[in-house]
1. For helix 98-112, what angle does its Cα long axis make with the longest principal axis of the chain, in degrees from 0 to 90 and rounded to 10?
2. 7 Å from Cα along Cα→Cβ at both residue 36 and residue 205: what's the point-to-point distance in nm?
3. Taking Cα atoms, how many degrees apart are the long axis of helix 168-180 and the longest axis of the chain, rounded to 10 and kept between 0 and 90?
4. Does anyone have the angle between helix 184-197 and the longest principal axis of the chain? Alpha-carbon axes, 0 to 90°, nearest 10?
5. Ordered by packing density, taken as the mean number of other Cβ atoms within 10 Å over each peptide's residues, highest first, how do 174-184, 114-124, 48-58 rank?
6. Counting just the Cα atoms, what span does the chain cover along each of its three principal axes? Round to the nearest Å and put the largest first.
7. How would you classify segment 32-92 from its alpha-carbon gyration tensor, with a ≥ b ≥ c the square roots of the eigenvalues: rounded for a/c under 1.5, else prolate if a/b is greater than b/c, otherwise oblate?
8. Can you pull the one-decimal nm distance between simple spin-label points at residue 59 and residue 189, each 7 Å off the Cα toward Cβ?
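Readers should treat all values here as calculations from the given coordinates under stated rules, not as data from a laboratory. Remember, it's a predicted structure, so these values are computed and weren't measured experimentally. Cβ atoms come from the backbone with ideal geometry, glycine included; neighbour counts cover every protein chain shown.
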């Protein structure tokens, strides 16, 4: 019964998790001075400058730029918020290891095509090659979720969040796993944590409201 709540956003969430890799985004690196200039624009620039800075950071940002980019998820400019979300996915998909990144891209394509067992095997290789690469765990968690392996998925989500506490996608995935385990109160906790970081996830907002409505009815 509760699985129906997740079905409406399952497809959307999966695509949100894999889209940056499928675009074949180029790897690029920027000098510290250039990154500092871009981050300064996020704080001091007008809307157009902030948008352009986010576009550049999607291509050139590193993990140190995640906190200020994540802060832009709360910006007053809707376009900037969308660009910030895309920039974060792009940054998170780069480990600095070309082979690990290529494996991640391959696994994401398998995940996108529903070849879940093969995708898990490729993500295993990503993690073995680079155990500090948070996105390897997150992508494997996504594949495990779609296989119905909710507890194993939650284990990988824990690893993801240890390495990347800003990962709203992993937090959302944890909420979906809790729905699969019929732990709706716990699902709401994870969704609240995800929305605190990224309040723009309409699918998660809708799912949260449906769960709250269901729990209210059960408690009457």
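1. 40
2. It is 3.8 nm.
3. So the helix axis and the longest Cα principal axis differ by about 10 degrees.
4. Helix 184-197 sits roughly 10 degrees off the main axis of the chain.
5. For the peptides 174-184, 114-124, 48-58, the packing ranking is 174-184, 48-58, 114-124.
6. Taking max minus min along each principal axis of the Cα atoms, the chain gives 57, 39, 27 Å.
7. Oblate shape, in that a/c is at least 1.5 and b/c is the bigger or equal ratio.
8. Placing both labels 7 Å beyond Cα along the Cβ direction yields 4.3 nm.
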